[in-house]
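Readers should treat all values here as calculations from the given coordinates under stated rules, not as data from a laboratory. On a predicted model such as this, the values are computed, not experimentally measured, just so you know. Cβ sites come from the backbone with ideal geometry, for glycine too, and all protein chains shown count toward neighbours.
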Amino acid sequence: MKVTPSMKTFYIETFGCQMNAHDSEKVIGTLVSEGYSQVENLEAADLILYNTCSIRDKAEQKVFHRLDTFKKNQGNGKIFGVLGCVAQQEGERIFERAPYVSLVAGSASYAKLPEMLVQLEAGNRRVTGLSLDTEEAFETPFTRRDNPHRAYITIIEGCDKSCAYCVVPFTRGPERSRTSESVLKEARELARMGYLEIQLLGQNVNSYRDPSPAGLDFARLLRAVGEVEGIRRVRFTTSHPRDFIKDIVEAIEDNPVLCNHVHLPVQSGSSKILDRMQRLYTRDDYLRRIEWMKNARRNISITTDIIVGFPGETEADFEDTLSLLDEVGYDSLFNFKYSRRPNTPALALEDQIPEEEKIRRLAVVQEKQRGIQIRRNSELIGSVEEVFVEGYNQATGQWIGRTTQNRMLNFVHPAHAGPKDGETLAGSYWNVRVTRASPNSFAGEAVN
Ligand code: SAH
Ligand code: SF4
Ligand code: F3S
């Protein structure tokens, strides 16, 4: 760490997906290595950073709302920076909209953060990092990981698809994979440091293509990470259906370290809408991948994302989505109303669906899925699952656990009523018998 005359402080708030959460861990580590210290309170910060998301209009508005709240701080010596997807999308327009902002940088520029900090410290009030034509992935040895047991590893950045509704190709740039050597080196270091779980990250993790001579595809990389000594669980998110090959299912079948959970966003059950969305697969293509998982030797939990109200989605198309939910039987899903985003091809489409109708469809999906989860979850009562303990809930008197399928299974332990004298079960694994099921979680008791 550099020695500086007086410690500079920063505050950071993160919006959006796990990629952003992990970017923030890397940004924090970089700032600390540059002599800054993190504070949890805005008032105490010299530098205030928002790592932003622009996936839907609401997410973007949240950021500007936050910035406006602090307008009053303008001129009191604080420096504001906007990072992440809104920064990349809006670029220098942010300086117009929020003139007290001094730094605007997208994720493809974070490797240059130290230089940008120097410029800010020199008094430059219009510092930008907006170039997208980079081959670089943001790798740093300084990452400050939030969770003491589970660590993220970014294996691929950006996106080369062009789904008609989506801003990500504009905010994150073209796809860049890290070499398998560097991914495996990080995984081994994490294991040495005592991390037990690894989560591989990418907008589409399974589009991974090793740029080094080893030339691993995603399934082979997954197998290799699963063999790193000391790692108990490996998760990965998000998978794109188009690039989801059977080898991934076979890798999961062969190694119990690889968690039996796949998040495979379908977006719509109608092939017509999938085509309009430019998703590059049909309903049948998608269902074939589901079949592979259902026929697997391990019980793979499947979750998804659904967009309702994409332009041109008729009642019949929407019914196709509902029937797909029945056919697949997801363990959970994220459900969104289509949101019009800048620069995206879908802006030009006609047949926009009225807001009230989107709200109605959202509610119908939610209700249907609730029924599916009640039914599926009750089937787990009586079974014994291995959980990883994440903490303790004082209010319910239960330990918080997560199964390999990524389900929350909270439990009581006869010999450990709660954390005592600094002793906690957090970070350990227990077998738990499921005694109760609700739509979103389970309760149980530890067994020997
Ligand atoms: N790369 C992943 C998705 C990442 S974005 C994939 O292709 O599956 C996360 C989710 O946000 C998407 O799956 C989609 O359901 C939702 N989403 C993205 N753009 C959206 C928009 N304009 N309106 C509503 N939901 C959107
Ligand atoms: Fe967006 Fe499609 Fe890329 Fe996913 S695959 S990030 S939805 S453009
Ligand atoms: Fe949001 Fe950017 Fe992630 S738009 S969802 S933070 S990639």
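Restricting attention to region 279-299, and to residues there that are touching a residue at least 60 places away in the same chain (Cβ under 8 Å) and surrounded by 15 or more Cβ atoms within 10 Å (Cβ to Cβ), which single residue is farthest from the chain's Cα centre (by Cα)? If you could, list the steps in order and put the result at the bottom.
First, the residues of region 279-299 that are touching a residue at least 60 places away in the same chain (Cβ under 8 Å): 279-280, 299.
Now drop any that are not surrounded by 15 or more Cβ atoms within 10 Å (Cβ to Cβ), which leaves 279-280.
Values: ARG279: 20, LEU280: 22 Å.
Taking the candidates together, the pick is LEU280.
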>> I'd like the full set of residues that are part of a helix (DSSP H, G or I), within 16 Å of ligand 3 (Cβ to nearest atom) and β-branched (Val, Ile, Thr), limited to region 186-237.
In response: VAL205
>> For the list (1) part of a helix (DSSP H, G or I); (2) farther than 26 Å from LYS58 by Cβ; (3) within 16 Å of ligand 1 (Cβ to nearest atom), I need the number of the one condition that VAL183 fails.
In response: (3)
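Quick test for you: out of ARG178, ARG145, ARG172, ARG150, pick the one residue that is on the phi < 0 side of the Ramachandran plot and within 14 Å of ligand 1 (Cβ to nearest atom).
Numbers: ARG178 fails: within 14 Å of ligand 1 (Cβ to nearest atom); ARG145 fails: within 14 Å of ligand 1 (Cβ to nearest atom); ARG150 fails: within 14 Å of ligand 1 (Cβ to nearest atom).
Of the residues listed, the single one that is on the phi < 0 side of the Ramachandran plot and within 14 Å of ligand 1 (Cβ to nearest atom) is ARG172.
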>> Looking at the structure I just gave you, is GLU60 free of Cβ contacts under 8 Å to residues at least 60 places away in the same chain and either within 16 Å of ligand 2 (Cβ to nearest atom) or among the aliphatic types (A, V, I, L, M) (or both)?
In response: yes
> Only one residue in ALA137, ALA108, ALA164 is under 26 Å from LEU216 (Cβ atoms), among the small types (Gly, Ala, Ser) and not in a helix (DSSP H, G or I). Which one?
Replying inline: ALA137
> Given (1) surrounded by fewer than 21 Cβ atoms within 10 Å (Cβ to Cβ); (2) more than 16 Å from ligand 2 (Cβ to nearest atom), where does ILE252 come up short, assuming only one miss?
Replying inline: (1)
> Given the conditions (1) farther than 18 Å from GLY269 by Cα; (2) in a loop (DSSP other than H, G, I, E, B), which single one is not true for TYR330?
Replying inline: (1)
> Is there any pair with a first residue in region 151-171 that is free of Cβ contacts under 8 Å to residues at least 40 places away in the same chain and a second that is more than 10 Å from ligand 1 (Cβ to nearest atom) whose Cβ atoms are under 8 Å apart and which are 6 or more apart or on different chains, and what are they?
Replying inline: PRO169/GLY158; PRO169/ASP160; PRO169/SER162
> ASN343 passes all but one of (1) loosely packed, with under 15 Cβ neighbours inside 10 Å; (2) touching a Ser or Thr at 6+ places or on another chain (Cβ under 6 Å); which number fails?
Replying inline: (2)
